[in-house]
Amino acid sequence: MRLLLVEDEPSLRESVARKLHRAGYETDDCGDGETALEMLAAERYDLVLLDLNLPRVDGMTVLRTLRKTDLETPVLILSARSEIADKVEGLDAGANDYLAKPFHLAELEARVRSLTRRQFIQRNVCLRCGRLSFDTKSRVAMVDGQPVPLTRKESSVLEYLLLHQGRPVSQEELMEHVWDGRVDAFSNSIRVHISALRKKLRAALGYDPIRNRIGEGYEVGESEQ
């Protein structure tokens, strides 16, 4: 999952980004509304975490501008404005959730999990494909109840493929949603991580659940075909 964090307080921005990174999310961040609008115009994010008190362009303007062209990307407002009227204004402007400052990072992570699952119409914390399961809270993959040790990036790739069962996911899509903006489009990073993930899952399952659809991308399935 690739998130955009827009927060003008550097220390809070750094701590939130670090927490989300440890939770398995790729996070781009910025500290003002004008830069946020530029990033939103250039990239597609799975979730936007948006402060309201921003320099250059305020957060409410960022939200309303985004909603003129994008009604789907979830937006979680993070704001010191905790009055009911402020929450109502933010939700009416198109935000999906509102978290008042100060907040606990554990609650923030839970809200992020809820919003990203909701985007993909995924109600359960645990994603399943036959004997394979992935707990989006603990970030643990299991086969027949036994944990499969995966790296952070391998876990993120598996999660995204499981969220999109039934269709192939292209390398470009994985790059947009699982990698951060620093990855080189011509690098071999995706193929290397996919190969390592397939090897581990093959060892645990006895078959490779990830199929390479030539010209389309990667698709996860319950049995080898």
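Note down the relative contact order for the range 1-115 as a percent, whole number, built from C-alpha pairs under 8 angstrom at least six residues apart. Before the final figure, lay out each step's value.
On the way: 183 pairs, mean separation 27.4, N = 115.
Across the range 1-115, relative contact order equals 24 percent.
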- request: Just need the relative contact order of the range 126-220 here, percent rounded to a whole number, with Cα pairs under 8 Å and 6+ apart.
  value: 28
query: Tell me, what is the percent relative contact order of the chain, built from C-alpha pairs under 8 Å that lie six or more residues apart?
result: 17
- prompt: Where is the GNM fluctuation largest for the chain (alpha-carbon springs, 10 angstrom cutoff): 106, 80, 93?
  reply: 106
- request: Please identify the longest segment of the chain free of exposed trypsin sites (Lys or Arg not before Pro), where exposed means a DSSP state other than H, G, I, E or B and no more than 14 other Cβ atoms within 10 Å.
  value: 57-122
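Please list 84, 214 in order of solvent-accessible area, largest first, computed with a 1.4 Å probe with all protein chains present.
Numbers: 84 115, 214 160 Å².
From most accessible down to least: 214, 84.
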- prompt: Cα centroids of the range 130-153 and the range 1-49: how far apart, whole angstrom?
  reply: 26
field: Within the chain, longest stretch free of exposed GluC sites (Glu not before Pro) [DSSP loop, at most 10 other beta carbons within 10 Å]
entry: 84-225
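Over the range 2-116, give the accessible area per residue in Å² for a 1.4 Å probe, as an integer. Spell out each step's value before the answer.
Details: 5120 Å² over 115 residues.
On a per-residue basis, 45 Å².
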statement: Excluding ligands, DNA and RNA, the carbon-plus-sulfur percentage of the accessible area of the range 126-220 with a 1.4 Å probe reads 52
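Within the chain, what percent of beta bridges assigned by DSSP are antiparallel, to the nearest 5?
Details: 16 of 33 bridges.
Taking every DSSP beta bridge within the chain, about 50 percent pair in antiparallel fashion.
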- prompt: Once the Cα gyration tensor of the range 58-120 is found, what semi-axes does its equivalent ellipsoid get, as square roots of 5 times the eigenvalues, in whole Å, sorted largest first?
  reply: 18, 17, 8
Distance histogram for the chain (every C-alpha pair counted, 10 angstrom bins, percent rounded to whole numbers): 7, 33, 33, 19, 8, 1
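The values are calculated or read from the model by the stated rules, or taken from the named source; none is laboratory data. Owing to the predicted nature of the structure, the values given are computational and were not obtained by experimental measurement. Quick reminder, even Gly has a Cβ in these numbers, built from the backbone with ideal geometry, and neighbours come from all protein chains shown. Note: accessible area is taken over every heavy atom of the protein model, side chains too, but ligands, DNA and RNA are not part of it. Shrake-Rupley method; radii C 1.70, N 1.55, O 1.52, S 1.80 Å.
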